[in-house]
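What follows is a set of notes on a single structure, which appears directly below.
The values are calculated or read from the model by the stated rules, or taken from the named source; none is laboratory data. Treat the numbers as computed from the prediction; the structure is a model and nothing was measured. Quick reminder, even Gly has a Cβ in these numbers, built from the backbone with ideal geometry, and neighbours come from all protein chains shown.
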Amino acid sequence: MLRHTAILFMALAMSSAALAQNPPANEPVAPPAIMVLGTFHFTGGGSDYVNSPVVDYLSPERQAEIATVLDRLETFAPTRILVELLPEHESEFNATYRRYRAGEGALAVNERQQIGLALAARLDLDQVYAVDYASEMDFGGMFAAAEAAGQDDLLAGFNAFMAPIQAQLESPDQAARPVLDRLIETNSAEMAGYHALYLLTAQMGAADNPVGAEQMQVWWGRNLHIFANIARLAGPGERVLVVYGAGHKYLLDQFIDSAPNLELIDPLAYLD
């Protein structure tokens with residue numbers, strides 16, 4: 001009897017150990033936690049409709065500011081970092097990352113490297129992932145279509161909406177602000193409100209020439225492709241940091257927050 005009891009306890013102990021190592025298939029797994037860090041472009045913006053002034057982000061003062069941002073983001077403990085870069089450039093980008101980690105090169109002046117690669121190195125991540133999708137919006141075509149349709153009020157509304165945004169972003173005072181302060185602003189609810197501008201441009205054109213709506217299909221479509229690239233890389237239980245131009249943040253946040261298998265994380269909880 002004692003022998004049988006001992007065998008039973010051994011079997012139960014082995015079963016418990018197996019369950020600890022291999023939890024039941026129906027046990028819930030934490031969804032990927034995804035944070036979209038909306039950034040201004042360190043190089044001034046390039047093809048953006050409004051570009052920020054260029055600042056020397058390699059100066060000791062600016063590098064200290066960036067280090068403060070990295071300190072805050074490091075507490076999120078991302079397991080993957082994704083950046084605004086076309087996938088065909090990912091291999092070359094990670095070659096740069098490997099050289100940097102080996103002490104054979106410095107980081108260039110852009111947010112992909114100054115934030116994405118620098119933080120990945122701190123966290124000892126093997127690589128950084130490229131999730132952008134190529135497309136361009138034809139603002140000139142939208143404005144021409146609005147003029148042809150006699151939409152003077154719509155064009156005036158666009159300019160009135162855009163003027164204070166443009167003045168703020170292009171101001172030298174804006175460029176002089178600390179990097180952390182600017183990132184807190186670019187991830188704020190106020191910045192998200194600027195996305196309403198795209199709903200003004202969507203109205204530009206006529207029923208037989210709906211250029212605005214067609215161009216907004218391009219914009220929404222690009223962001224949907226980016227979202228899909230992010231989601232494919234976000235495994236169960238992972239913590240994913242997405243470093244992206246702030247203009248994309250509203251839609252990416254909306255898509256992630258609406259997806260039933262993903263969890264959206266607010267970067268302000270870590271930056272503030």
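For segment 115-149, how many residues meet the condition of being assigned to a helix (DSSP H, G or I), closer than 23 Å to Pro210 by Cβ and touching a strand residue (DSSP E or B) at 6+ places or on another chain (Cβ under 7 Å)? Can you show your working first?
Narrowing segment 115-149 to residues assigned to a helix (DSSP H, G or I): 115-122, 139-148.
Checking the rest, the ones that are also closer than 23 Å to Pro210 by Cβ come to 139-148.
Still in the list and also touching a strand residue (DSSP E or B) at 6+ places or on another chain (Cβ under 7 Å): 145.
Going through segment 115-149 one residue at a time, the tally reaches 1.
Starting from segment 186-197, keep only residues that are touching a residue at least 60 places away in the same chain (Cβ under 8 Å) and closer than 12 Å to Gly245 by Cα, then list their pairs with residues that are surrounded by fewer than 16 Cβ atoms within 10 Å (Cβ to Cβ) and of a type in the set (A, V, I, L, M, F, W, C) whose Cβ atoms are within a distance under 7 Å, requiring at least 6 positions of separation or different chains.
Asn187/Leu268
I'm told Asp153 meets every condition in (1) more than 23 Å from the chain's Cα centre (by Cα); (2) part of a loop (DSSP other than H, G, I, E, B); (3) at pLDDT 95 or above except one. Can you identify the failing condition by its number?
Among (1) more than 23 Å from the chain's Cα centre (by Cα); (2) part of a loop (DSSP other than H, G, I, E, B); (3) at pLDDT 95 or above, Asp153 violates only (2).
Do we have Ala234 as surrounded by fewer than 19 Cβ atoms within 10 Å (Cβ to Cβ) and either of a type in the set (Lys, Arg) or at pLDDT 95 or above (or both) here?
In short, no.
Of all residues in segment 100-114, which are in a helix (DSSP H, G or I) and in contact (Cβ under 8 Å) with a residue 24 or more places away in the chain? Steps first, please.
Quick first cut of segment 100-114, residues in a helix (DSSP H, G or I) only: 100-101, 111-114.
Across segment 100-114, the qualifying residues are Glu111, Arg112, Gln114.
Any residue in segment 200-211 that's surrounded by fewer than 17 Cβ atoms within 10 Å (Cβ to Cβ): show its pairings with residues that are assigned to a helix (DSSP H, G or I) and at pLDDT 95 or above at Cβ separation under 7 Å, as long as the two are six or more apart or on different chains.
Asn209/Ala145
Tell me which residues, restricted to segment 254-272, are assigned to a helix (DSSP H, G or I), aliphatic (A, V, I, L, M) and touching a residue at least 40 places away in the same chain (Cβ under 8 Å). Let's see the steps before the verdict.
First pass over segment 254-272, keeping only residues assigned to a helix (DSSP H, G or I): 254-258, 268-271.
Those still in the list that are aliphatic (A, V, I, L, M) too: 256, 268-269, 271.
Within segment 254-272, Ile256, Leu268, Leu271 qualify.
Do you know which residues across segment 232-253 are part of a helix (DSSP H, G or I) and under 12 Å from the mean Cα position of the chain (by Cα)? Outline the logic, then answer.
At the first step, the residues of segment 232-253 found to be part of a helix (DSSP H, G or I) are 232-233, 246-253.
Result: Ala246, Gly247, His248, Lys249, Tyr250, Leu251, Leu252, Asp253.
Starting from segment 33-58, keep only residues that are under 21 Å from Leu271 (Cα atoms), then list their pairs with residues that are at pLDDT 90 or above and acidic (Asp, Glu) whose Cβ atoms are within a distance under 7 Å, requiring at least 6 positions of separation or different chains.
Ala33/Glu263; Ile34/Glu263; Val36/Asp253; Thr39/Glu111; His41/Glu111; Phe42/Glu111
Determine if segment 84-99 includes at least one residue that is surrounded by 15 or more Cβ atoms within 10 Å (Cβ to Cβ), on the phi < 0 side of the Ramachandran plot, part of a helix (DSSP H, G or I) and touching a residue at least 60 places away in the same chain (Cβ under 8 Å). Spell out the reasoning first.
In the first step, residues of segment 84-99 are kept if they are surrounded by 15 or more Cβ atoms within 10 Å (Cβ to Cβ); the result is 84-85, 90, 93-94, 96-97.
Keeping just the survivors that are on the phi < 0 side of the Ramachandran plot gives 84-85, 90, 93-94, 96-97.
So of that shortlist, the ones also part of a helix (DSSP H, G or I) come out as 90, 93-94, 96-97.
Still in the list and also touching a residue at least 60 places away in the same chain (Cβ under 8 Å): none.
No - not one qualifying residue is present in segment 84-99.
For segment 182-221, which residues satisfy the criterion of being assigned to a helix (DSSP H, G or I), over 14 Å from Phe158 (Cα atoms) and of a type in the set (Ser, Thr, Tyr)?
Thr186
Of the residues Phe143, Phe161, which is surrounded by 12 or more Cβ atoms within 10 Å (Cβ to Cβ), at pLDDT 95 or above and over 30 Å from Leu73 (Cα atoms)? Explain how you work it out, then say what you get.
Details: Phe161 fails: at pLDDT 95 or above.
Going through Phe143, Phe161 in turn, just one is surrounded by 12 or more Cβ atoms within 10 Å (Cβ to Cβ), at pLDDT 95 or above and over 30 Å from Leu73 (Cα atoms): Phe143.
Scan Tyr49, Tyr57 and give me the residue that is surrounded by 19 or more Cβ atoms within 10 Å (Cβ to Cβ) and either at pLDDT below 95 or among the hydroxyl-bearing types (Ser, Thr, Tyr) (or both).
Matching residue, one of Tyr49, Tyr57: Tyr57.
Determine which member of the set Val240, Val218 is surrounded by 15 or more Cβ atoms within 10 Å (Cβ to Cβ) and among the hydrophobic types (A, V, I, L, M, F, W, C). Lay out the reasoning, then the answer.
Numbers: Val218 fails: surrounded by 15 or more Cβ atoms within 10 Å (Cβ to Cβ).
Going through Val240, Val218 in turn, just one is surrounded by 15 or more Cβ atoms within 10 Å (Cβ to Cβ) and among the hydrophobic types (A, V, I, L, M, F, W, C): Val240.
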